[in-house]
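J.: One structure, pasted below without further comment.
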Amino acid sequence: MIGRVRLAATFSLLGLLVSGCANGEVRDRGAATPMKIPKASGYYQGLDIILPLDEYALKKTERQRFKSAVYVLSSECMKGFGLDWPKPVEQVSEVADNSRRYGVVNEGDARKFGYAVPLPHGVTRKEALRVGRENIERTRNLPRETINLYTGENLKTLSGRKIPEGGCRGEAYRKLGLPPQGLISTTLDAMRYGTWESSRNDRIVVDAVIRWKACMRNAGYKYDTPEDAVGDRRWQHEGDPSGAEKSTAVADVKCKRNVLFVEKWHRVEVEKQKRLIKEKKGVLDGLKRETEALGNRIDRVPTGA
């Protein structure tokens, strides 16, 4: 999730920032006493990063079952018109949800993959890209009539039969209780991004970035922010990560651990999400009911997954 977000203020505004120390004692805005932020080394070893809003979203396994259910239901519709839709080859990353929310934080993954998203066991980056391209080509080369039946675009009837709104994919969504456009989670997505962005610009996190920058300079790396490090143009390629990328990513993670980067950002975002949940309780309770109902409908589809 971490991207090229630029801070609203420059790092010269040190006088306005909290003075927090490396042991995790930082002063939150308006707080009479410092906020205690203990070390949580598990974050840097691949353990889950849990956030309050996670409760209202589909879990990783549920999202996978959702995709399988859509394929099964849309395929049934396609066969009713005498056509087939190819099953995509799934390459499911082993990383946990939120594991990249604050950038690269798992030192073991950094040593192996650099800044790239960890791949399934035994799969190289080139192989992953090849499968991705094959999935695209698998559908791109289908007859236009087949594609239109699946999407519902540019086709209203076929062989004298009316095509469902949104095509066979839309029909699958409807059977799962969704609109023909599919899984629309813009409300929750906006909330999750909002707390990520506001916490990224919180004084505690900005201070942690400054400390991370100093640590990286001491290690011989000149990046102003973690976003600059992960976005280094040298890492933007299709091949396996270079030794330079791996060593940079490892130094990045070590510096984050040294300044309690993830602990601080996570603590700030947790507090922001808790406040948001109180403010939007009615909306979120409705979303939770919808998510649970969708999960039950997914479970009733015999996907074999």
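The values are calculated or read from the model by the stated rules, or taken from the named source; none is laboratory data. Note that this is a predicted model, so its numbers are computed, not measured. Note that each Cβ is placed from the backbone with ideal geometry, even for glycine, and that neighbours are counted across all protein chains shown.
J.: Quick one: would you say D84 is among the charged types (D, E, K, R) and modelled with pLDDT under 85?
T.: Numbers: among the charged types (D, E, K, R): yes; modelled with pLDDT under 85: no.
Against the criterion (among the charged types (D, E, K, R) and modelled with pLDDT under 85), D84 does not qualify.
J.: I'm told A96 meets every condition in (1) surrounded by 14 or more Cβ atoms within 10 Å (Cβ to Cβ); (2) part of a helix (DSSP H, G or I); (3) not basic (K, R) except one. Can you identify the failing condition by its number?
T.: Status for A96: all satisfied but (2).
J.: Could you pull out the residue among R289, R217 that is farther than 30 Å from F66 by Cβ, free of Cβ contacts under 8 Å to residues at least 60 places away in the same chain, among the basic types (K, R) and in a helix (DSSP H, G or I)?
T.: R217
J.: Which residues, taken from the range 225-235, are outside any helix (DSSP H, G or I) and surrounded by fewer than 17 Cβ atoms within 10 Å (Cβ to Cβ)?
T.: Passing the criteria: G231, D232.
J.: Then there's this: Can you tell which of K256, K281, K274 is free of Cβ contacts under 8 Å to residues at least 12 places away in the same chain and on the phi < 0 side of the Ramachandran plot?
T.: That would be K281, the only listed residue that is free of Cβ contacts under 8 Å to residues at least 12 places away in the same chain and on the phi < 0 side of the Ramachandran plot.
J.: Is it true that K256 is charged (D, E, K, R), in a helix (DSSP H, G or I) and closer than 22 Å to P38 by Cβ?
T.: In short, yes.
J.: Assuming A116 fulfils every condition listed in (1) assigned to a helix (DSSP H, G or I); (2) aliphatic (A, V, I, L, M); (3) out of contact with any Leu (no Cβ under 8 Å at 6 or more places or on another chain); (4) at pLDDT 85 or above apart from one, which condition is it?
T.: With respect to (1) assigned to a helix (DSSP H, G or I); (2) aliphatic (A, V, I, L, M); (3) out of contact with any Leu (no Cβ under 8 Å at 6 or more places or on another chain); (4) at pLDDT 85 or above, A116 is out only on (1).
J.: I would also like to ask the following. Looking at the range 236-268, which of its residues are over 18 Å from N106 (Cβ atoms), surrounded by 19 or more Cβ atoms within 10 Å (Cβ to Cβ) and either touching a helix residue (DSSP H, G or I) at 6+ places or on another chain (Cβ under 7 Å) or among the aliphatic types (A, V, I, L, M) (or both)? Walk me through how you get there before you give the answer.
T.: The initial filter retains those residues of the range 236-268 that are over 18 Å from N106 (Cβ atoms), namely 236-239, 242-244, 267-268.
Within this subset, residues satisfying the condition of being surrounded by 19 or more Cβ atoms within 10 Å (Cβ to Cβ) are 267-268.
Residue satisfying the conditions is V268 alone.
J.: Do we have L155 as in contact with a strand residue (DSSP E or B) (Cβ under 7 Å, 6 or more places away or on another chain) and surrounded by 12 or more Cβ atoms within 10 Å (Cβ to Cβ) here? Break it down stepwise before answering.
T.: Working: in contact with a strand residue (DSSP E or B) (Cβ under 7 Å, 6 or more places away or on another chain): no; surrounded by 12 or more Cβ atoms within 10 Å (Cβ to Cβ): yes.
So L155 fails the test.
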